[in-house]
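Below is one structure, written out as structure tokens, with a few remarks after it.
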Amino acid sequence: MSLMHYLVLSGILFTIGAVTVLVRRNAILAFMGVELMLNSCNLALVAFSRVHGTLTGQVMAFYVMVVAAAEVVVGLAIIVSIYRARRTVSVDEPSLLRN
Amino acid sequence: MTESAVGSGGELVLFCIIGPLMVVAALALLFARKPVHAAVGLIFVMIGMAFLYTALEAPFLGVAQVVVYTGAIMILFVFVLMLVGVDAADSVAETIRGQRWIAVALGAGLVAVLAGVVLTANLPPAVGLEEANAMTNPVGVAYEIFGSTVFALELVGVLLITAALGAITLTHKERLSAIRDQRATVRLRQRAYARGEGSQVLTPAPAPGVYALHNAADVPALDPEGNPIDISVPRVLRIRGQELAPADVDGHVASIASGTFVQPVASPPAPSPDTSDPAAGRTDEEGGER
Amino acid sequence: MIDLAWLVVAIPLASSALLLLLGRRSDAWGHLLATLAAVASFVVGLLVVLEVLGQSPEERINDVHLFSWIPAGELSIDAGLRVDPLSLTFVMLITFVGSLIHVYSIGYMTHDPARRRFFAYLNLFVAAMLVLVLADSYALLFVGWEGVGLASYLLIGFWNHNTDYAVAAKKAFVMNRVGDMGLIVAMGLMFASLGTVSFSGVDAAASGLSTPMATAIGLLLLLGACGKSAQFPLQAWLGDAMAGPTPVSALIHAATMVTAGVYLIVRADSIFSAAPTAQLVTACVGAFTLLLGAAIACGKDDIKKSLAGSTMSQIGYMVLAAGLGPIGYAYAIFHLVTHGFFKAGLFLGAGSVMHANGDSTDMRTYGGLRKVMLVTWATFAVCWLAIIGVPPFAGFYSKDKIIETAFVGEGWQPWVFGGAALVGAAVTAFYMSRMFFMTFHGKARWVDEASKLGADDPRPRRHPHESPLVMTLPVVVLAIGAVSLGFLLSLGDGITGWLEPVTGHVDHPEPVLPVPVILTATLVLVAAGVALAWRQYGMNTVPLTAPAGSPLTRAARRDFFADDVNEALAMRPGQHLTRTLVYADTAVVDGAVTGAAAGTVASGRVLRKLQNGYVRSYAAMILAGVVIAGAVLHLVRL
Amino acid sequence: MSSLPWITILIAVPLVAALVLWLVPGLHRFARPVGLAVSLVTLGGAVAMATGFDPSRAGEQQLTQTVGWIPSIGASYAVGLNGLGLVMVLLALALVPIVLAADWHAVPDASEADRRATDRRRATFVALVLALASLMVAVFAARDVFLFYVVFEVMLIPVYFLVGMFGGANRRSAAVKFLVYSLAGGLIMLVGVVMLYLQGPGGPQGFLIDNLAGVVSDPTTERWLFVAFFVAFAVKAPMWPVHTWLPDTTAQATPGTSTLLVGVLDKVGTFGMLALCLPLFPGAARWAAPAIVVLALISIVYGALVAIGQQDMMRFIAFTSISHFGFIVLGIFVGSEVAMTGAMFYMLAHGLSIAGLFLLAGYLAERGGSRRIDAYGGWQRVTPVLAGLFLVSGMASVALPGLSGFIGEYLVLVGSFASSIPAAAVATLGVVLAALYFLLVYQRVFTGQPRAEIAQARADGALRDLGARERWSLVPVVVAMVVLGVLPGPVLDLLTPLAQVLALGGAQ
């Protein structure tokens, strides 16, 4: 049997994550959306790993996890420091990218 | 390596149970009002993911998923949520015009594209990992990681250390000024009062709770006229809209607050009910929870 | 000596350059050097003439090679001089009259602070004119042709602090350039069809030209000639050119430069012979301008402008003669020479009169000047008789020959051309007599400065006096020429024989009317013209202000609306076109460019709205990009 | 003598001098005399080099030198000069000292306090001009398409700064316009350069013009490539309708900059047409010639007509140049050997007359305090020498026989008649219009009565005619105009062989 259903699930989760990033103003929530997207990709990778019968996909997913960990650490640190400076974690409010 | 080994019936059943649940849990990200709920949903998704990994002949990743994501990353998230507290940003009300519709349209577009790709893809039957996992899955993965991708691993290690350092640097706060002791706080508050800024209250904020009837933190104190004093409730509760109105607490107190209370012994002239009560309006406004 | 003919050109050129380069340092002696240069040039020319006279008639065409001028592959032009009777005739006329006018100018320009510059320009003109007539190719001729144009520009505008004079100078140059354009195109066609622009090359190959090509070249050369010689339709500049100092008018705009057109037509004989149509047009232009110029001369009260009209008319005679082909060439040149003398004399006389009358040119304020300016009166009278063709003065010999020749031919042409020439003679007699009587006879229409008359007298106050010797002497010499030249040059073969190596030998055919009849008719008409003028201007008092006059008079006063036509046909549309183009250049051509730039800026401004600082908007854009890219990839793969 | 790498020396000397002048603050005070000396030495070197040039082989590249530069992409440092290149190099290097002398006060004297800043600005100016001189030699000597392209583009930098730093009030926007225009053209050319290389034989010398001549076999490709090159050159030249940067730039730049810009740099456009477009794409050149001739004719008439309507002297001169460039392009593409010789000579003659006009207009503007034509009148009485020199330069510009401008224009016109009578006839209109536009301006500026205060200033001695420096900066120009008008032979001998080579491969 094919592993199509894993890919479908992966796609759905990815979309939910993406829309979360677009919709939620809370930086932490948006960040969670990103995590969800990464995870859905991992799922696809693992599924493909099985399709092809090699472990490369799993190794890739492993690296994604590690990098995601690093990213989360830095990202959350940024959120915390922004919160300290601005008392908010809204991604709209600071409009830091303006000017 | 046999056909039956890949995608056994049990696996499909597992997927059919976990998959929809994961989707539902993921939707919490979109719709949960409180970030903590969203975080819990996400944790559920992560754990579900770990199940699926295991089912997909990737037990090492399944374990790593639980350890790394659920155990470390999501805990970090929750920790930060705690640190940051609640915020107006948590509300799902949209501030950028059209953003929600754009998001919906793009989501739909993404679904369409992905569906197009996935459904038209001509996937070969899965090979299965029996051969690759011959020496057990963790060993196989380890061979890969410390074999052909060892350089990447080293790089990732550097990355992790750098990230840790970065996080420390970012969150580390040098003490640039003297510690703000009580005297300084008072002075600042007085200065703000003189300038007409801030909360315009010189005294310490009144403690919540009324006449010891209720001393919960979400019950505002009442002023001598019976009106609730907002600043007596902690900020977080106020923002969350969890502040209670006097009426929620006790009819007696509510009658005092609304001025309809009649002293059994000596009745002071009660204000007429139709005079607008400032507290009433505010209660409606802030009592969003009801 | 012939090999040294280049000295004729070089001497005045060097003198001119020296005077211009030295500037103020040569103020004191500049005029003397310039005069000396002109005289030296004359002497060298004379020596060359004597040597050529010593040659047998067939050998008289000498080509002197100087240096290779424009060696450009297929087109290689040498600078060389053609020393032959035709060019030498001009050399003599130019240097002799030129020298006299240099002498005259010493007196005329005494008081001008820029006299040295004036003489430098005069020398420059003489040099350029000599290049023009001595050139051995159309290209080198063009050098002189434009050179005299420049000198003419500089001299007409010599007093260019008066804006009108500056405008007149520019007008002369530009109208000349229109003619020059014809010359350039003609040269281009020569090169295209014959591969050469040298006289010898063109003469040798011209017979092989197709008739349309020959006609085209001929008409273009005629256009050039019209520009330079103020023939219709490019005649309008000559009247305005009188803005220059009078010696300039005498030398350039009467005796020499304006006759260059006639020279060109005679020189381009080989082309015109191959193009009968062009010849006919030439004759028509000549005949028409002859009458037009005469009419203008009748209408003008300004003595110089009247003389300018006369010049136009007389050159019309020459062009008419040149247009008649080889039978007319010699007479055209003959008239050109005599005209050079008597017209220069008339101009210098007019200059003397103006000089004496405080630079006024209005003949209506003259009158009765004979008593105070006897020498001028006498010389003017001689030249007057010469121009109207009274025997035995010079004009009689030359003009009568042209009238006779005009009656030669078949069909309508002799009657039209002959008739025009006859009528022209009569009108010439009228306007010249009018000028003579208005200026020197009748009652004085001015008051002596010393008189005790009341201030309410409308007549201007003047102190006319005879000019100094340095001014009268050249005029006297010219007057002598005007008396004797016609007779001298028609002695024996005379000028016809002298020019024969160039113009070719022609048996003189019989005119359609017997010669004595033509002669009588001419003289009767001339007498009638004089009589009419005497009745009108000699016996009657001339009013101080001009009467309204007939429509014809009014038209003549306005040069038959030549300026108005030019303005309406060329200037106004040109100005509008220029203005439109200037506007279009900034608005449309540059506008497209700046518009593109502004569009870029504007689109940037629009796109900037996308950069609203909201991370989520950026994220939406990224996602949109992903979706689009994915969709494109997916669809293309399908 | 001839064994020396002359061209490289001529490129290097001004460049090194420019760098030294710019970088050594101690030299800033002496920048102008040092710059003048360097430019004169360079000119002397160029003259010495010219003696080693064999005129009988003027159609070929001489004094060549080829060194690998970037072998991996086929670019080499290959220089050499044919007759035209030699003439243009001499013109460029002769104009540099003249421009330096003429713009001696381009940066006005300042008080003692600002002396250092003034000196630095002056040094910058001199250094930029010297750098430009070096690049001009390089561009005329380049025998490698890539080298040509690089120099072609790098040349924009010093000009950009010359216009943008030293000039009128709107100099910045003028400089930007110039730069954007030129870059746009250059970008199109870059595409052509790359495409051409791919068509060529490749290898370490795959960009040599000799190796690329006529290699494009497919007519369509050849046409595209031709257009890519031609557009860049047309912008540079400048031809209608891509001319509008020129008036704006000259109206703002210093007279010296304008002289170098119009007198030499713009000739790179027509030089490129001769040196690249014709030999590289002979078939396409023949194909495009009719259209280009029409554009050239429009340039001639349009430039002249618009010049008549100009109010600013510098813009006026710029538009006359557009008309003259029309003549040059006409001569190149009309398909006649004589006309092409004329066009090449015209490039030289125009450089001279334009130098005279720009510099004199600059001197006039220094005195009158305005570049507007209306602000003048009657200046012949005030500054007779200036007026006389202006007249001579103008007459050279409108092709008065006996001056240099005539030879080129005459050859172009007469040669054109052999190829296309209608085109030549239209071009002849330009002759009349030229007289009109120049004399109109001369009349408005120099004739009439000077304004009272001007006359007074002249009487007081506050307003002087040209001084010694100004006179001597123009003497060489005027002498060259006269000498070339009377004895153009030696120069024509350098150009004719080239025209024979190119016209064979070129149009018709």
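Read the figures in this text as sums done on the coordinates, not as results from a lab. Just so we're clear, the structure is a prediction, and the values are computed from it rather than from any experiment. Ideal geometry is used to build each Cβ from the backbone, glycine not excepted, and the neighbour counts take in all protein chains shown.
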Backbone HN-Hα couplings from phi across region D:363-377 [Karplus 6.51/-1.76/1.60, Hz, Gly and Pro as x]: 4, 5, 5, 4, 7, x, x, 7, 9, 7, 5, 4, 6, 10, x
Backbone N under 15 Å from the C:Val601 label point (7 Å along Cα→Cβ), restricted to region D:162-199: D:170-178, D:180
Zero-based 20 Å bins, Cα pair distances in chain D, whole percents: 24, 59, 16, 1
For region C:279-360: Kirkwood Rh in Å [reciprocal of mean 1/r, alpha carbons]: 13.3
Simple spin-label estimate for D:Val479 and D:Val47 in nanometres, 7 Å along Cα-Cβ: 0.9
Amide H contacts under 5 Å for D:Leu4, placed H, 5+ residues apart: none
³J(HN,Hα) computed for each position of region B:150-167 - Karplus, 6.51 cos²θ - 1.76 cosθ + 1.60, integer Hz, glycine/proline x: 5, 5, 4, 4, 4, 4, 5, x, 4, 4, 5, 5, 4, 5, 4, 4, x, 4
Solution diffusion estimate, µm²/s, Stokes-Einstein, the protein assembly as shown, Kirkwood Rh from C-alpha pairs, 4 °C, viscosity 1.567 mPa s: 32
Computed [θ] at 222 nm, deg cm²/dmol, chain D (DSSP H ≥ 4; -39,500 (n - 2.57); rounded to nearest 500): -24000 deg cm²/dmol
In degrees, nearest ten, helix A:56-86 long axis to first principal axis of chain A (Cα): 10
Inter-centroid distance (Cα atoms) of region D:57-90 relative to region D:439-508, Å: 31
Distant-in-sequence amide H partners of B:Ile229 (H built 1.01 Å from N, under 5 Å): B:Ala221, B:Leu222, B:Asp223
Cα Rg, Dmax (largest Cα-Cα span) when computed across region A:4-86, Å: 14.8, 50
Cβ-Cβ FRET estimate between C:Asp563 and D:Leu429, R0 fixed at 30 Å, reported to 0.05: 0.85
Mean Cα-pair separation over length for region B:3-99, i.e. relative contact order, pairs under 8 Å, 6 or more apart, %: 24
Average beta-carbon neighbours from other chains, 10 Å sphere, peptide C:166-172: 4
C:Lys371 paired with B:Ala115, simple spin-label distance in nm, labels 7 Å along Cα-to-beta-carbon: 12.5
Additional length obtainable on full extension of the chain from D:Ala455 to D:Glu60, 0.36 nm per residue less Cα span: 136.5 nm
Expected 222 nm ellipticity per residue - DSSP helices of 4 or more, -39500 (n - 2.57), all of chain A, to 500: -27500 deg cm²/dmol
Residue-count net charge about C:Ala321 - beta-carbon cut-off 14 Å; Lys, Arg +1, Asp, Glu -1: -1
Relative contact order (percent, whole number), chain D, Cα cutoff 8 Å, 6+ residue spacing: 16
Cross-link partners of C:Lys443 among lysines (Cα-Cα below 24 Å; sequence separation of 8 or more within a chain): C:Lys300, C:Lys304, C:Lys305, C:Lys371, C:Lys452
Whole-angstrom Cα spans of chain C along principal axes, big to small: 110, 72, 58
Estimated translational D of region B:3-99 in µm²/s (Stokes, Kirkwood radius over Cα pairs; 20 °C; 1.002 mPa s): 142
FRET E, pair D:Leu40, C:Leu469, Förster distance 56 Å, beta-carbon r, rounded to 0.05: 0.50
Angle between chain C longest axis and helix C:30-54 axis [Cα atoms, degrees, rounded to 10]: 70
Quotient of C-alpha Rg and 2.2 N^0.38 Å, computed over region C:328-557: 1.15
Spin-label zone in region A:29-55 - amide nitrogen under 18 Å from a point set 7 Å from the Cα of B:Tyr143 along the C-beta vector: A:49-55
Per-residue HN-Hα couplings for region C:81-92 [Karplus 6.51, -1.76, 1.60; θ = phi - 60°; Hz; x = Gly/Pro]: 10, 9, 9, 9, x, 4, 5, 5, 4, 5, 4, 4
Kirkwood Rh and Cα Rg combined as Rg/Rh, region C:103-196: 1.09
Amide proton proximity set for C:Val408, modelled H, under 5 Å, gap of 5+: C:Val512
Cβ charges +1 (Lys, Arg) and -1 (Asp, Glu), total dipole of the protein assembly as shown, debye: 3740
Distance from region D:414-437 to region D:357-391 (C-alpha centre basis), Å: 30
D:Thr220 versus B:Ile231: modelled label distance in nm, points set 7 Å from Cα along the beta carbon direction: 8.1
